[in-house]
Amino acid sequence: MTTRIQADQDVVTRFLADMAAGRVDAAIAAFDDDVVYTNVGLATLRGRRRAGRVIALLDRPALGFDVQLTSIAADGGTVLTERIDELRIGPMRIRFWVCGRFDVSDGRITLWRDYFDNVDVLKGLARGVVALAIPAVQRPLAPIER
């Protein structure tokens with residue numbers, strides 16, 4: 001029997017794995033109809049349709065996402081993640097540290113809030129540009145359960 005804490009962590013892990021594997025519809029299906037999605041410092045999106053548009057961008061050939069989950073913890077319906085996100089634009093891979101908060105209710109994500117450091121994003125962009133010429137600069141991410 002799975003505990004609620006484990007079940008909530010599983011929802012978030014599966015959501016991230018679906019995004020990384022390009023299973024856009026499955027990732028969007030993890031959202032509650034009234035989900036609130038925020039990348040701190042950017043506009044907040046409300047509702048599955050609006051938040052799903054961001055996820056749907058991953059369904060384009062030139063764009064992609066990958067993730068390395070470094071830690072996860074849950075308590076009372078809130079799941080916290082620390083991870084390395086990778087955004088792909090064509091052959092370039094931009095990696096940066098992200099801390100995420102997910103609120104889960106009845107197996108659906110009701111809140112997704114990501115925090116990141118803009119300087120770390122810029123460093124990731126610089127590493128991504130250098131890796132276009134010297135691929136060894138970026139090692140593959142450790143896989144998340146897919």
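The values are calculated or read from the model by the stated rules, or taken from the named source; none is laboratory data. The structure presented is a predicted model; accordingly, all values stated were derived computationally and were not measured. For neighbour counting, all protein chains shown are included, and Cβ atoms are generated from backbone atoms with ideal geometry for every residue, glycine included.
Checking Gly76 against (1) in contact with a strand residue (DSSP E or B) (Cβ under 8 Å, 6 or more places away or on another chain); (2) surrounded by fewer than 18 Cβ atoms within 10 Å (Cβ to Cβ); (3) over 24 Å from Gly128 (Cβ atoms): exactly one of these is not met. Which one? If we test Gly76 against (1) in contact with a strand residue (DSSP E or B) (Cβ under 8 Å, 6 or more places away or on another chain); (2) surrounded by fewer than 18 Cβ atoms within 10 Å (Cβ to Cβ); (3) over 24 Å from Gly128 (Cβ atoms), just (1) comes out false.
Scan Asp114, Asp66 and give me the residue that is in contact with a Ser or Thr (Cβ under 8 Å, 6 or more places away or on another chain), under 17 Å from Val12 (Cβ atoms) and not in a loop (DSSP other than H, G, I, E, B).
Among Asp114, Asp66, only Asp114 is in contact with a Ser or Thr (Cβ under 8 Å, 6 or more places away or on another chain), under 17 Å from Val12 (Cβ atoms) and not in a loop (DSSP other than H, G, I, E, B).
Taking each residue of region 14-43 that is touching a residue at least 24 places away in the same chain (Cβ under 8 Å) and surrounded by fewer than 20 Cβ atoms within 10 Å (Cβ to Cβ) and looking for partners that are small (Gly, Ala, Ser) and assigned to a helix (DSSP H, G or I) with beta-carbon atoms closer than 7 Å, six or more apart or interchain, yields Val24/Ala56.
So, in region 1-51, how many residues would count as being of a type in the set (Ser, Thr, Tyr) and assigned to a helix (DSSP H, G or I)?
Taking region 1-51 first, the residues of a type in the set (Ser, Thr, Tyr) are 2-3, 13, 37-38, 44.
Those left that are additionally assigned to a helix (DSSP H, G or I): 13.
Count: 1.
Looking at this structure, is Ile72 modelled with pLDDT of 95 or more, in contact with a Gly (Cβ under 9 Å, 6 or more places away or on another chain) and aliphatic (A, V, I, L, M)? Here the answer is no, as Ile72 does not meet what is asked.
Among the residues of region 87-121, the ones that are surrounded by fewer than 18 Cβ atoms within 10 Å (Cβ to Cβ), without any contact (Cβ under 8 Å) to a residue 60 or more places away in the chain and under 18 Å from the mean Cα position of the chain (by Cα) come to 9 in all. All told, Thr81 falls short of being surrounded by fewer than 17 Cβ atoms within 10 Å (Cβ to Cβ) and modelled with pLDDT of 85 or more. Taking the criterion of being more than 14 Å from Ala17 (Cα to Cα) and of a type in the set (Lys, Arg), the residues of region 53-103 that qualify are Arg53, Arg60, Arg88, Arg93, Arg95, Arg101.
The set of residues in region 130-140 being out of contact with any helix residue (DSSP H, G or I) (no Cβ under 9 Å at 6 or more places or on another chain) and either exposed (fewer than 12 other Cβ atoms within 10 Å of the Cβ) or at pLDDT below 85 (or both) consists of Ala133, Ile134, Pro135, Ala136, Arg139, Pro140. Among the residues making up region 44-62, those that are aliphatic (A, V, I, L, M), touching a residue at least 12 places away in the same chain (Cβ under 8 Å) and surrounded by 13 or more Cβ atoms within 10 Å (Cβ to Cβ) are Ala51, Val54, Ile55, Ala56, Leu58.
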